[in-house]
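The structure appears below as structure tokens.
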Amino acid sequence: MRVVAICGGVGGARMALGLAGIVSDDELSVIVNVGDDERFHGLLVCPDLDTVLYTLAGVVDRARGWGVSGDETRALDVLRKMAAPGSWMMLGDADLGLHIFRSWRLAQGATLTAVTDELRRAFGVRCNLLPVSDDPCPTEVETDTGRLSFQEWFVRDRAEPAVRALRFPASGRARLTDRAREAMSSADLIVFAPSNPYLSIEPMLQVAGMREVLSEVEAMKVAVSPLIAGRAIKGPLVKLMRDLGREPSNRGIAATYMGLADVFVIDESDSSSTASLARSSGLDVRVLPTLIPDAERAQSLARQIIDLSSTWRRRGGTP
Ligand code: FO1
């Protein structure tokens, strides 16, 4: 079975880890958000790609969910001593080594897809790891304090400024890569990871070609809600939904996936809303244990989603 995971952030990396445990390497493609990418100290940092890479390679700092376990900050200490702009971004020494390599290869003319492939091979990651686009497609955040880059809002300002809107200035111009397109077109199952729909999934849907390919594919499309008992495990999801005037519930999350996904998976703790959610969204709502704090639980969720896809038939479709 050919599986594509559409991912961003820590929830995305954990879902990818679960799938990587049970899907054969050449049949798994992980397509990753690049809307959070930003330059620091002249280097391109791609937090979502790196979080997936470090997680799949088993070197991620598990407590934080991002960065390299046991990393030090001697380089950053110097940058801070020099009051270098952007030194609020916690870049460890080993992490910086990766950013140096990536920035050097990009300056030589390599695409982000090619460099990511070099990195995942070197880190011993065997499935396909694919940026959604090779073009810059930053997410910008319109706040009460003005327009901020994604990391200024998320890290420097701790996601505190109230969000009026998310902006995607490269929307429709940044193109889907051929490899991401091919992976989705030939997939049997596409899983939208339990990532933040506004910060991780929506930026990918803004990439030219992404929505079209998703609407044409044969694959069964399953979206996993990041809410558990109505709350996000990590990150500013609920506050962001309130700021944006969306209902901070699975009903609000489902709105992102209406007309896009076939199945919407919610956590057992939210099962009382299943019937009303199915009615209001038109999605086939299923209940599974979606809390994935470790590889074992992530693998168990991945297994249950794959089992679901082997028996699932599109409503009104041919058997
Ligand atoms: N998140 C933080 O909350 N503080 C940081 O200083 C920070 C540094 C950082 C460096 C590299 C990297 O790959 C991720 C990093 N993150 C940090 C996480 C990152 O901001 C978020 O995971 C995503 O951009 C949101 O999905």
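The values are calculated or read from the model by the stated rules, or taken from the named source; none is laboratory data. Bear in mind the structure is a predicted one, so any value in this text is a computation, not a measurement. All Cβ positions, even for glycine, are placed from backbone atoms using ideal geometry, and neighbour counts span all protein chains on display. To get the accessible areas, we keep the full protein, side chains included, count just its heavy atoms, and leave off ligands, DNA and RNA. Shrake-Rupley method; radii C 1.70, N 1.55, O 1.52, S 1.80 Å.
Filter region 69-83 down to the residues that are away from the ligand (no atom under 14 Å from the Cβ) and of a type in the set (Gly, Ala, Ser), then identify the one that is surrounded by the fewest Cβ atoms within 10 Å (Cβ to Cβ).
If we take residues in region 69-83 being away from the ligand (no atom under 14 Å from the Cβ) and of a type in the set (Gly, Ala, Ser), then 83 is surrounded by the fewest Cβ atoms within 10 Å (Cβ to Cβ).
What residue, among those in region 286-309 that are without any contact (Cβ under 8 Å) to a residue 60 or more places away in the chain and in a helix (DSSP H, G or I), is most open to solvent (accessible area, probe 1.4 Å)?
Checking each candidate, the answer is 296.
Please indicate, with yes or no, whether at least one residue in region 245-257 is crowded, with 18+ Cβ neighbours inside 10 Å, of a type outside the set (S, T, N, Q) and assigned to a strand (DSSP E or B).
Within region 245-257 (the criterion being crowded, with 18+ Cβ neighbours inside 10 Å, of a type outside the set (S, T, N, Q) and assigned to a strand (DSSP E or B)), the answer is no, since none of the residues qualifies.
Of the residues in region 175-201, how many are in contact (Cβ under 8 Å) with a residue 60 or more places away in the chain and either within 16 Å of the ligand (Cβ to nearest atom) or of a type in the set (Asp, Glu) (or both)? Break it down into steps so the answer makes sense when it comes.
In the first step, residues of region 175-201 are kept if they are in contact (Cβ under 8 Å) with a residue 60 or more places away in the chain; the result is 177, 179-180, 183-184, 186-197, 199-201.
When the remaining residues are screened for being either within 16 Å of the ligand (Cβ to nearest atom) or of a type in the set (Asp, Glu) (or both), the result is 188, 192-197, 199-201.
Qualifying residue count for the region: 10.
Any idea how many residues of region 293-319 are β-branched (Val, Ile, Thr) and modelled with pLDDT of 95 or more?
The qualifying residues number 2.
When residues of region 232-244 are filtered for being open to solvent by 20 Å² or more (accessible area, probe 1.4 Å) and touching a residue at least 12 places away in the same chain (Cβ under 8 Å), how many remain?
Result for region 232-244: 8.
May I ask you to say which residue of 165, 187 is part of a strand (DSSP E or B), touching a strand residue (DSSP E or B) at 6+ places or on another chain (Cβ under 8 Å) and of a type in the set (A, V, I, L, M, F, W, C)?
Only one candidate qualifies: 165.
Would you check which residues across region 31-52 are more than 9 Å from the ligand (Cβ to nearest atom), crowded, with 23+ Cβ neighbours inside 10 Å and not in a loop (DSSP other than H, G, I, E, B) and list them?
31, 32, 52
Table: residues versus (1) in a loop (DSSP other than H, G, I, E, B); (2) in contact (Cβ under 8 Å) with a residue 24 or more places away in the chain; (3) under 19 Å from the mean Cα position of the chain (by Cα).
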| residue | (1), (2), (3) |
| --- | --- |
| 70 | yes, no, no |
| 90 | yes, yes, no |
| 105 | no, no, no |
| 121 | no, no, no |
| 126 | yes, yes, yes |
| 130 | no, yes, yes |
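Is it true that some residue in region 177-194 is over 30 Å from residue 2 (Cβ atoms), within 16 Å of the chain's Cα centre (by Cα) and open to solvent by less than 50 Å² (accessible area, probe 1.4 Å)?
no
Which one of the conditions (1) free of Cβ contacts under 8 Å to residues at least 60 places away in the same chain; (2) open to solvent by less than 20 Å² (accessible area, probe 1.4 Å) does residue 229 fail to meet, given that it meets all the rest?
(2)
Restricting attention to region 232-244, does a residue exist that is at pLDDT below 95 and either within 18 Å of residue 284 (Cα to Cα) or small (Gly, Ala, Ser) (or both)?
yes
Name the residues in region 158-174 that are open to solvent by 100 Å² or more (accessible area, probe 1.4 Å) and more than 16 Å from the ligand (Cβ to nearest atom), would you?
Passing the criteria: 164, 173.
Cβ-Cβ distance below 6 Å, separation of 6 or more or different chains: which pairs start in region 148-172 with a residue that is of a type in the set (Ser, Thr, Tyr) and end on one that is away from the ligand (no atom under 14 Å from the Cβ) and open to solvent by less than 60 Å² (accessible area, probe 1.4 Å)?
Hits for this filter: 171/206.
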